[in-house]
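Data block below; observations after.
The values are calculated or read from the model by the stated rules, or taken from the named source; none is laboratory data. These figures come from a predicted structure and were not determined experimentally. Using ideal geometry, Cβ is built from the backbone for each residue, glycine included, and neighbour counts are taken over all protein chains shown.
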Amino acid sequence: MRGIIASGAYLPYRRLDRSDISKFLGSGGGRGTRTVASYDEDTTTLGVEAARVALQHAPAGFQPDQLWFATVDPAYTDKTNATTLHAALRLECDIALDFGAAARSAVGALRTALTGGGSVLVVSSDIRTGQPGSGDEAGGGDAGAALVVGDESHGPVIAEYLGGASATEEFIDRWRVPGATESGNWEERFGETQYLPLGASAWKRGLDAAGVGADQVDHLIVSGLHGRAVRAMVGRLGEAKAKVVDDRTATVGNVGAAQVGLLLTDVLEQAGPGQVIAVLSLADGADLLVFRTTDAIAGYSSHRTVADQVAGGAALTYGKFLSWRGNLAVEGPRRPAPSRISASVSARSREYKYAFVGARDRASGALHLPPARFSRDGDAFDDMDPVPMSEVQGTVATFTIDRIAYSPSPPIVFAVVDFDGGGRLPVELCDLDADALAIGDRVELTFRRLFSADGIHNYFWKARPVR
Amino acid sequence: MGSHGIKDQIAIIAMGCTPFGEHWDKGADDLLIEASNEAYAVAGLGKDDVDAYWVGTAMSGSSGLVASKPLHLDNKPVTHVQNMCATGGEALRNASYAVASGAYDVAMAIGVEKVKDSGYQGLVGASRAPTDGTERTLTAAAMYAMCVPAYGKKYGVDDATMREVLAHISWKNHFNGARNHRAQFKKEVTTETICNSPLMAGTLRVFDCSGVADGATAAIICRAEDAHKYTDKPVYGKAVSFIAGNASGNADPNYDYTYFPEIGAVAADAYQQAGITNPREQIAMAEVHDCFTPAELIIMEELQLCERGTAWKEVLAGTFDLDGDFPINPDGGLKSFGHPVGASGLRKIFECYTQLRGEAPPERTIKTIDRGLAMTQDLGGYPGEMVAMVSIWGRELG
């Protein structure tokens, strides 16, 4: 039996109320909210956060054979982004690959994993925006999703892959040239005419391959960036259409490459055993994936569910949204911008910088962040064990709001955090309103992009309140 | 092994100090020349009469060329010293050892900083080694801001009282600076103005932060027994102590941001060198590192001028005011004299020298000066991660 062993999704903390767009611009906007990746998040960090959730749901100590990462908005081209995830997640596998920068690559990576061998951590993420006032800006959303694919030798399979089908056609519906952050769209009625027959074909062949009828589908996911085609498609799926799930676009937005992973995770977090899940994706063709949940899903523990994350979050002004996405330049503190990081220094501190691994003195037990050679407690030298700290929570010992330090989005909130079981680090906080912070508050770590200089991104960990 | 000090082995025979402030019309070279020329004139020496030089600057250049080039020194040993905000004191400490050892007869220590050419607010550090990008990025103001709630909580001082204490420190230093023609800010400031100034970090406001200034200070020293060849009013070295901390505070959950152990340790060493057992009664005054007002508060306790947890009461009682029982920063301190990093340590010694020689103007002469000893305290870095220096000076041998 091959299928999904674990899944996890990550929604950024901030929400843009679409009505704020029209209040600001006099046009655009709409109803509901969308998720907004923070200024210090990119598709790589969204992927790391989602994968952390998925790995928490996987069997203890699980290590995939491969890591695949797909996004429309890669932090780097030419350089592989999956290696950053690989380092941050402290994976041991020999293969970490990016799939190309099309929305379809994410569902394609999932299908390839399901029809292949070994265990694969399939991560997708997207940051969607558009020109101010555009439909893409209001309708998009930001998220990461991660699915652990494998067979029973890798862990209990919670959703068996029954089969699927794909269809491919060349037509111009939406496009983006490399380097741009926004996409172009063709008049949408044309795309609808292209998608509907492709979807119908994949649907029929995929259900046949899976050996299930439309009437047996318990959860129907129809995904795609072409909203009109998606809605029309649902109406053509016979008895399954009544089983269509909430696609979260009213609250999260359309998260593009991450949508299949997000919605599949959402369904798996709610499904009972023996239920059929059909996932139909419309992206430059159509892909249908059919699953049946197993008895193992009954014991599948889930923290940080999609539903919980949808219910959480806090408002962000449209002005901040514009500045975070680079569409509104705001003056920062009159302080020098940081210099680029050093490749060789970063390589030497890889375990600490990317995976937040500290060192514990074997004699005194003193935990060192960052790792040290001489212990601060006693005379031990080069006698420490590495201690992964990224999943360890901490308590705010003291904190300060720095109004004059350089930040892409000032002010900076810094807290001295004492980690459970030992170790202290003054660390930047994120995803909070500064006036809500107090000494004694609980925090957890989150992987962020601190700044970029000379095109090199500086990834490290920050802390956010435990919610 | 031991720290023996060089008590009474060297003497300052002359000093020079530029006004501190925004010297838009002067570079580091000009400031260094100005301070040096004043010292040469006081000593009655020419630049070639000085056998060796130590020049301290944290961010305005590197190597002995910082001094040898503008002063056009021929065949002189010139050593560049950098130890963050303790740079100026460190320059004099090293010069002192060279003279005490007998290696040179006359040495000069110069501290200089030109900080106002960067175009940024606050201090912009010297170019730093490449990093992995994981280091702390918050400002010094933010680091010291963490001391305020920590101190208040530990000693049961409410926020409003803490604000009053910090404002008093700032007020006092401005009061003193208003009586000093070399100070950057020669104006008294009301506590109301201080408490309503813009927030910088945490609860620290603009008036809790030292002035960002350009400036230079110079000192000429010789062996103590030779001092009267040059001056009737030598100032004798009683102690020069320096330590660099192990920087564990920010990694150690036991550190609570209410004390600076490096300063406590360096003060104890200096008192031991000088043979001082009761600094509060034996010493007349101290010039301390009031980079931010909470630093001055905590330094009072580290220097054993009062019991731990009581400095805030002494501050409010006026103990450290110009006319108080133990004047602190009678020249205005970093707060109002200004803080050209490499010069500040020597500037503090300049005030000890001025007061001990009876050369302070009447409105700034401290009434405690007959105790005959004055001290400086420097620190560079942050709570949990600092270098520290204490020097003690006296007008008599013995």
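Restricting attention to region A:145-158 and to residues that are in contact (Cβ under 8 Å) with a residue 60 or more places away in the chain and surrounded by fewer than 21 Cβ atoms within 10 Å (Cβ to Cβ), the residue that is farthest from the chain's Cα centre (by Cα) turns out to be A:GLU152.
With the condition kept exactly as written, say whether any residue in region A:392-401 is within 12 Å of chain B (Cβ to nearest Cβ), within 27 Å of the chain's Cα centre (by Cα) and under 28 Å from B:PRO130 (Cβ atoms). Full working, then the answer.
The initial filter retains those residues of region A:392-401 that are within 12 Å of chain B (Cβ to nearest Cβ), namely A:394-401.
In the following step, the residues that additionally are within 27 Å of the chain's Cα centre (by Cα) were identified as A:394-396.
Restricting the remaining residues to those that are under 28 Å from B:PRO130 (Cβ atoms) gives none.
For region A:392-401, residues within 12 Å of chain B (Cβ to nearest Cβ), within 27 Å of the chain's Cα centre (by Cα) and under 28 Å from B:PRO130 (Cβ atoms): absent.
On the basis of being surrounded by fewer than 16 Cβ atoms within 10 Å (Cβ to Cβ) and polar (S, T, N, Q), does A:SER390 make the cut? So A:SER390 does not fit the description; no.
Condition check ((1) free of Cβ contacts under 8 Å to residues at least 60 places away in the same chain; (2) closer than 27 Å to A:VAL157 by Cβ) across all residues:
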position: A:ALA250; (1), (2): no, no
position: A:LEU262; (1), (2): no, yes
position: A:VAL267; (1), (2): yes, yes
position: A:GLN275; (1), (2): yes, yes
position: A:ALA283; (1), (2): no, yes
position: A:ALA311; (1), (2): yes, no
position: A:TYR318; (1), (2): no, no
position: A:ARG325; (1), (2): no, no
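Among residues of region A:51-95 being assigned to a strand (DSSP E or B) and not hydrophobic (A, V, I, L, M, F, W, C), the one that is nearest to A:PRO386 (Cα to Cα) is A:GLN66. Evaluating A:ARG350 against the criteria (1) in the same structural domain as A:ALA453 (by TED's automatic domain parsing); (2) surrounded by 17 or more Cβ atoms within 10 Å (Cβ to Cβ) leaves one unmet condition, (2). Note on region A:277-374: enclosed helices (runs of 4 or more DSSP H) holding 2 or more residues that are within 14 Å of chain B (Cβ to nearest Cβ) are A:343-348, A:350-355.
Could you go through region A:253-271 and let me know if any residue there is within 14 Å of chain B (Cβ to nearest Cβ) and of a type outside the set (D, E, K, R). Please lay out each step first, then the result.
At the first step, the residues of region A:253-271 found to be within 14 Å of chain B (Cβ to nearest Cβ) are none.
Checking region A:253-271: not a single residue is within 14 Å of chain B (Cβ to nearest Cβ) and of a type outside the set (D, E, K, R).
Looking at B:ALA129, B:ALA141, B:ALA107, just one residue is among the aliphatic types (A, V, I, L, M), within 11 Å of chain A (Cβ to nearest Cβ) and touching a strand residue (DSSP E or B) at 6+ places or on another chain (Cβ under 6 Å), and that residue is B:ALA141. Scanning region A:367-383 for residues being crowded, with 22+ Cβ neighbours inside 10 Å and not polar (S, T, N, Q) gives a total of 3.
Of all the residues that make up region A:387-403, how many are touching a residue at least 40 places away in the same chain (Cβ under 8 Å) and among the β-branched types (Val, Ile, Thr)? Break it down stepwise before answering.
First, the residues of region A:387-403 that are touching a residue at least 40 places away in the same chain (Cβ under 8 Å): A:388-399, A:403.
In the following step, the residues that additionally are among the β-branched types (Val, Ile, Thr) were identified as A:392, A:395-396, A:398.
Looking only at that region, the number is 4.
What number goes with the only condition from (1) outside the structural domain of B:GLY46 (by TED's automatic domain parsing); (2) without any contact (Cβ under 8 Å) to a residue 40 or more places away in the chain that B:ALA247 does not pass? Every listed condition holds for B:ALA247 apart from (2).
Scan region A:159-182 and tell me whether some residue there is part of a helix (DSSP H, G or I), under 28 Å from A:GLY274 (Cβ atoms) and either in contact with a strand residue (DSSP E or B) (Cβ under 9 Å, 6 or more places away or on another chain) or without any contact (Cβ under 8 Å) to a residue 12 or more places away in the chain (or both). Step through it out loud before you land on a result.
Our first condition is that a residue be part of a helix (DSSP H, G or I); within region A:159-182, this holds for none.
No, region A:159-182 contains no residue that is part of a helix (DSSP H, G or I), under 28 Å from A:GLY274 (Cβ atoms) and either in contact with a strand residue (DSSP E or B) (Cβ under 9 Å, 6 or more places away or on another chain) or without any contact (Cβ under 8 Å) to a residue 12 or more places away in the chain (or both).
When you scan region A:407-419, do you find a residue that is within 22 Å of the chain's Cα centre (by Cα) and surrounded by fewer than 23 Cβ atoms within 10 Å (Cβ to Cβ), even just one?
In the first step, residues of region A:407-419 are kept if they are within 22 Å of the chain's Cα centre (by Cα); the result is A:408-409.
If we keep only those that are surrounded by fewer than 23 Cβ atoms within 10 Å (Cβ to Cβ) too, we end up with A:408-409.
Yes, region A:407-419 contains at least one residue that is within 22 Å of the chain's Cα centre (by Cα) and surrounded by fewer than 23 Cβ atoms within 10 Å (Cβ to Cβ).
In this structure, does A:THR77 turn out to be surrounded by fewer than 19 Cβ atoms within 10 Å (Cβ to Cβ) and touching a residue at least 12 places away in the same chain (Cβ under 8 Å)? It is true that A:THR77 is surrounded by fewer than 19 Cβ atoms within 10 Å (Cβ to Cβ) and touching a residue at least 12 places away in the same chain (Cβ under 8 Å). Among the residues of region A:404-443, what is the count of those that are in contact (Cβ under 8 Å) with a residue 40 or more places away in the chain and either not hydrophobic (A, V, I, L, M, F, W, C) or not assigned by TED's automatic domain parsing to the domain that holds A:TYR459 (or both)? Counting residues in region A:404-443 that are in contact (Cβ under 8 Å) with a residue 40 or more places away in the chain and either not hydrophobic (A, V, I, L, M, F, W, C) or not assigned by TED's automatic domain parsing to the domain that holds A:TYR459 (or both) gives 14.
Checked against (1) within 9 Å of another protein chain (Cβ to nearest Cβ); (2) of a type outside the set (Ser, Thr, Tyr); (3) within 22 Å of the chain's Cα centre (by Cα); (4) under 29 Å from A:ARG340 (Cα atoms), B:VAL81 passes all but a single condition, namely (1). Any residue at all in region B:296-314 that's surrounded by 24 or more Cβ atoms within 10 Å (Cβ to Cβ), part of a helix (DSSP H, G or I), among the small types (Gly, Ala, Ser) and more than 15 Å from the chain's Cα centre (by Cα)? Yes, region B:296-314 contains at least one residue that is surrounded by 24 or more Cβ atoms within 10 Å (Cβ to Cβ), part of a helix (DSSP H, G or I), among the small types (Gly, Ala, Ser) and more than 15 Å from the chain's Cα centre (by Cα). Among the criteria (1) assigned to a strand (DSSP E or B); (2) surrounded by fewer than 23 Cβ atoms within 10 Å (Cβ to Cβ), the one A:THR35 does not fulfil is (2).
With respect to (1) surrounded by fewer than 24 Cβ atoms within 10 Å (Cβ to Cβ); (2) not in a loop (DSSP other than H, G, I, E, B), the lone exception for A:GLY28 is condition (2). Just one of the listed residues (B:HIS72, B:HIS80) is free of Cβ contacts under 8 Å to residues at least 40 places away in the same chain, closer than 29 Å to B:VAL288 by Cα and of a type outside the set (Lys, Arg), and it is B:HIS80. Only one entry of A:ALA240, A:ALA271 meets the criterion of being among the aliphatic types (A, V, I, L, M) and in a loop (DSSP other than H, G, I, E, B), and that entry is A:ALA271.
In this structure, is A:ASP218 crowded, with 17+ Cβ neighbours inside 10 Å, among the charged types (D, E, K, R) and not in a helix (DSSP H, G or I)? It would help to see each step written out before you state the result.
Values: crowded, with 17+ Cβ neighbours inside 10 Å: yes; among the charged types (D, E, K, R): yes; not in a helix (DSSP H, G or I): yes.
For A:ASP218, the condition - crowded, with 17+ Cβ neighbours inside 10 Å, among the charged types (D, E, K, R) and not in a helix (DSSP H, G or I) - is met.
Residues of region B:137-166 that are free of Cβ contacts under 8 Å to residues at least 60 places away in the same chain, of a type outside the set (D, E, K, R) and part of a helix (DSSP H, G or I): B:PRO149, B:GLY152, B:ALA160. Among the residues of region A:430-447 satisfying the criterion of being within 11 Å of another protein chain (Cβ to nearest Cβ) and closer than 21 Å to A:GLY313 by Cα, which is surrounded by the most Cβ atoms within 10 Å (Cβ to Cβ)? Across region A:430-447, the extreme among qualifying residues is A:ALA434.
Look at (1) small (Gly, Ala, Ser); (2) buried (at least 24 other Cβ atoms within 10 Å of the Cβ); (3) at pLDDT below 95 and you find that B:ALA286 fails only one, number (3). Residues in region A:402-429 that are more than 9 Å from chain B (Cβ to nearest Cβ) and either part of a loop (DSSP other than H, G, I, E, B) or touching a Gly at 6+ places or on another chain (Cβ under 8 Å) (or both): A:PRO408, A:SER409, A:PRO410, A:VAL417, A:ASP420, A:GLY421. Filtering region B:152-171 for residues that are within 12 Å of chain A (Cβ to nearest Cβ), more than 30 Å from B:GLY27 (Cα to Cα) and surrounded by fewer than 21 Cβ atoms within 10 Å (Cβ to Cβ) leaves a non-empty set.
Of these, B:GLU359, B:GLU385, B:GLU396, B:GLU363, which one is surrounded by fewer than 22 Cβ atoms within 10 Å (Cβ to Cβ) and closer than 19 Å to B:LEU92 by Cβ? Don't jump to the end; show me each part of the working.
Values: B:GLU385 fails: closer than 19 Å to B:LEU92 by Cβ; B:GLU396 fails: closer than 19 Å to B:LEU92 by Cβ; B:GLU363 fails: closer than 19 Å to B:LEU92 by Cβ.
Criteria check complete, one pass: B:GLU359.
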